[in-house]
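Report on the structure given below.
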Amino acid sequence: MKKRTKILIIVGVIILIIIAGILYLVALDEKQNELLTEELAKIEEYAQTGNMDNEELQNILNRTVTTGNYSKIEKACKQYLTDILAQQEKIKQILEDEKLTKILSAENYQVDGPEFVSTKEYITTTRTNLNKYTEELTQLISEEKILSYAENQGMDSTDIEIYRQELTGQINEEESKNELKSSVSEITKILDIAEKVIDFLIQNKTHWVVEEENIIFDNQQLSDKYNTFISEL
């Protein structure tokens, strides 16, 4: 649970750093900058709470309150934040999935054992999706990808330079990528260990039973081996 929380914190910090970077965009027009700053401050509040499904947040992300060239900066910022928040939410849903905490529970052993077909499928799918979503989020953090949102809005060179300096300047791309991958790899390791345990139980399915909340083996050697796997978590 602590490792899952760590990942959520790191992902959340990356999101907040990006929003903070956008909040410091240089004003081309004081009033327009004020409007955009207020919008992005509201988005940051929702990012801090982790409430990405809020209807008001979606309304903010989908509307445009500025005008002229400045509206292009606003649209680029909001489209980028929409995509990165959506990617964050995908990872968050995996990490908060109750099934993840119950893989090695007596309840799961009783329900899905001794063959563990559903559990094996779940581990494989979860690992694949976690790696996929992490890689997609990693790509979003890159300067090239960030700048593509500005280019898609048809900004002139001056606006793009403001967008680039203020947004990408707030992000240590390499450091953010390494932290994200390192942390997610810890969850991948947990999935790998869980899979080893499940495979071990399948291979020795005639030598264990579940009694109340405990798994009981018919010999000490298997019990010790099982406990060794669990101690790695």
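The values are calculated or read from the model by the stated rules, or taken from the named source; none is laboratory data. Not measured: the values here are computed from a predicted model. Positions of Cβ are backbone-derived with ideal geometry, glycine not excepted, and every protein chain shown enters the neighbour counts.
Structure notes:
- Which listed residue is over 30 Å from Asn227 (Cα atoms), part of a helix (DSSP H, G or I), out of contact with any Phe, Trp or Tyr (no Cβ under 7 Å at 6 or more places or on another chain) and aliphatic (A, V, I, L, M), from Leu130, Leu81: Leu81
- Among the candidates Asn214, Asn204, Asn178, residue that is closer than 13 Å to Asn108 by Cα and among the polar types (S, T, N, Q): Asn214
- A count restricted to segment 130-170 and to residues that are within 20 Å of Lys92 (Cβ to Cβ) and at pLDDT below 70 stands at 0.
- Extreme residue, farthest from Val209 (Cα to Cα), among residues of segment 60-117 that are more than 28 Å from the chain's Cα centre (by Cα) and among the small types (Gly, Ala, Ser): Gly68
- Hits in segment 198-219 (condition: in a strand (DSSP E or B), touching a His at 6+ places or on another chain (Cβ under 9 Å) and surrounded by fewer than 13 Cβ atoms within 10 Å (Cβ to Cβ)): none
- Residue check for Lys196: modelled with pLDDT of 95 or more, of a type in the set (Lys, Arg) and over 35 Å from the mean Cα position of the chain (by Cα): no
- Search result, residues across segment 91-122 that are of a type in the set (Gly, Ala, Ser) and either crowded, with 20+ Cβ neighbours inside 10 Å or in contact (Cβ under 8 Å) with a residue 24 or more places away in the chain (or both): Ala106, Gly113
- Where Ala106 falls short, out of the listed (1) touching a helix residue (DSSP H, G or I) at 6+ places or on another chain (Cβ under 9 Å); (2) modelled with pLDDT of 90 or more: (1)
- When each of Gln88, Gln58 is tested for being surrounded by 15 or more Cβ atoms within 10 Å (Cβ to Cβ) and part of a helix (DSSP H, G or I), the lone residue that passes is Gln88.
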